[in-house]
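Peer 1: Handing you a structure now.
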Amino acid sequence: MSDKQKRILIVDDESPIRRVLHQKLSKEGYRCEEANSAEQAMHWLTGNTAEVVILDIETPGRSGTEVQKEIKARYPDTSVIVTADVNEGSIAIQCVTQGADDYIFKPFKLDEVLLSVERALEKRKLEAKIKKYQQRLRGEADWQTAGMRQRFLGTIEALVFALEAKDKYTAGHSQRVTSMALAIGKELALSAEELEDLRCSSLLHDVGKIAVDQLIQNKPGRLTPEEYEHIMIHAHLGAGIVRPVVNEAVVEIIDHHHDHYDGSGLHQAVAGETIPLGARILAVADAFDAMTSERAYRAAMTIPEATREIKRCAGTQFDPAVVKAFLKMAKSTS
Ligand SMILES: [Fe+2]
């Protein structure tokens, strides 16, 4: 739309003023509408759009400053030019400080009004351009941040896989745990957002093992209480490693993935439903995969054996509701 096809609403209770403005601006190619009161103007604006409103602040019915404020609040893209008598100068200036785009003193020259309309339209165009530019910049920044985060997460994932692959007993552990946790999550009707948090935390849940002594971790035998305590700090360490790049829900799931439902886990601060649901799900998937994987010091349990063990620990180590979903899921896939 060219500027000259734009719509101008002229609000003035004096019909001769409306008429001369209408004639002048129409001659310049603008489409003009008239209103003789604030009420009439507001009524017209509810069903129509004007690029510019020329508003006499002396229009009967309501105070000009109030009307001008209402127009700007309801239609922020509409430019408002107020007209006022010279002795109302302070009110006109007040209108501009409250959002009006310009003011003209009466009696005005028609060319002066035309110039003010053109200026207001130019300003409007510029504001729209700035808005678009800012949106684009914001979009690019979001895209860059998301891209960086994705690359960083990819690096951590690769690190976890590399760490697990070094040991034939743990190779592929996080990926298998993720598949199982997601299957349980779906059984529990988790939302898409919760499933995504669960996926992310399951893939990264053991990242803290990077900081754990490899000799203890791969020890071919039972761990001493001290060694067990050393290994178990990986949950908290892992949460700290991923915190800068994931949301708080993912951090919490990783931090609590070794918590016991009955609160009997090592250095545990929360219990029961207070443990994040994702962590309660991850605990079952993690334990099941660990039990069904061979270790240097023991053979792998069979699936029925491990399933029985999970069932036995419902209510103590594991959330009974999660175990129920796990059993349902296991039954449907067996
Ligand atoms: Fe773990």
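Peer 1: If I ask for residues that are of a type in the set (A, V, I, L, M), closer than 17 Å to LEU282 by Cβ and assigned to a loop (DSSP other than H, G, I, E, B), which ones from the stretch 234-267 would you list?
Peer 2: Passing the criteria: VAL246, LEU266.
Peer 1: From ALA249, ALA271, which residue is away from the ligand (no atom under 16 Å from the Cβ), surrounded by fewer than 20 Cβ atoms within 10 Å (Cβ to Cβ) and over 23 Å from ARG312 (Cα atoms)?
Peer 2: ALA249
Peer 1: Going through the stretch 74-101 one residue at a time, which ones are at pLDDT below 80 and not in a helix (DSSP H, G or I)?
Peer 2: Matches in the stretch 74-101: GLN98, GLY99.
Peer 1: Of (1) loosely packed, with under 14 Cβ neighbours inside 10 Å; (2) on the phi < 0 side of the Ramachandran plot; (3) of a type outside the set (Asp, Glu), LEU25 satisfies all except one. Which?
Peer 2: LEU25 satisfies every listed condition except (1).
Peer 1: Can I ask one more? Assess whether ILE231 counts as being within 12 Å of the ligand (Cβ to nearest atom), in a helix (DSSP H, G or I) and in contact with a Ser or Thr (Cβ under 6 Å, 6 or more places away or on another chain).
Peer 2: The answer is no for ILE231.
Peer 1: Among the residues of the stretch 294-320, write down those that are farther than 17 Å from HIS257 by Cβ and within 16 Å of the ligand (Cβ to nearest atom).
Peer 2: Result: ARG295, single match.
Peer 1: Also, I was wondering about something else. Picking from LEU215, LEU237, which residue would you name as being farther than 20 Å from ALA181 by Cα and either within 14 Å of the ligand (Cβ to nearest atom) or in contact with a helix residue (DSSP H, G or I) (Cβ under 7 Å, 6 or more places away or on another chain) (or both)?
Peer 2: Of LEU215, LEU237, the one residue that is farther than 20 Å from ALA181 by Cα and either within 14 Å of the ligand (Cβ to nearest atom) or in contact with a helix residue (DSSP H, G or I) (Cβ under 7 Å, 6 or more places away or on another chain) (or both) is LEU237.
Peer 1: Go over the candidates THR97, THR83, THR78, THR59 one by one and state the one that is out of contact with any His (no Cβ under 7 Å at 6 or more places or on another chain), within 23 Å of LEU115 (Cα to Cα), free of Cβ contacts under 8 Å to residues at least 12 places away in the same chain and polar (S, T, N, Q).
Peer 2: THR97
Peer 1: How many of the residues making up the stretch 102-125 are touching a strand residue (DSSP E or B) at 6+ places or on another chain (Cβ under 6 Å), part of a helix (DSSP H, G or I) and at pLDDT below 85?
Peer 2: Residues in the stretch 102-125 being touching a strand residue (DSSP E or B) at 6+ places or on another chain (Cβ under 6 Å), part of a helix (DSSP H, G or I) and at pLDDT below 85: 2 in total.
Peer 1: Have a look at GLU39, GLU88, GLU66, GLU58 and point out the one that is charged (D, E, K, R), surrounded by fewer than 16 Cβ atoms within 10 Å (Cβ to Cβ) and over 37 Å from the mean Cα position of the chain (by Cα).
Peer 2: GLU39
Peer 1: Within the stretch 187-210, restricting attention to residues that are in contact (Cβ under 8 Å) with a residue 60 or more places away in the chain and away from the ligand (no atom under 13 Å from the Cβ), which residue is surrounded by the most Cβ atoms within 10 Å (Cβ to Cβ)?
Peer 2: Selected residue: LEU198.
Peer 1: Continuing with the same structure: Need the failing condition index for ARG176 against (1) more than 14 Å from the ligand (Cβ to nearest atom); (2) more than 26 Å from the chain's Cα centre (by Cα); (3) under 24 Å from PHE326 (Cα atoms), just the number.
Peer 2: Only one criterion is unmet by ARG176, namely (1).
Peer 1: So, LEU266, is that one aliphatic (A, V, I, L, M) and either at pLDDT below 95 or not assigned by TED's automatic domain parsing to the domain that holds PRO225 (or both) or not?
Peer 2: yes
Peer 1: So which residues in the stretch 20-51 are under 18 Å from LEU115 (Cα atoms) and not hydrophobic (A, V, I, L, M, F, W, C)?
Peer 2: Within the stretch 20-51, HIS22, GLN23, LYS24, SER26, LYS27, GLU28, GLY29, TYR30, ARG31, GLU51 meet the criteria.
Peer 1: Oh, and also: Starting from residues that are touching a residue at least 60 places away in the same chain (Cβ under 8 Å) and of a type outside the set (A, V, I, L, M, F, W, C), keep the ones in the stretch 246-301 and report whichever is farthest from VAL177 (Cα to Cα).
Peer 2: Only one residue fits best here, namely TYR297.
The values are calculated or read from the model by the stated rules, or taken from the named source; none is laboratory data. Note that the coordinates shown come from a computational prediction; the quantities given were computed from them, not determined experimentally. Counting neighbours? That spans all protein chains shown, and the Cβs are built from the backbone with ideal geometry, glycine included.
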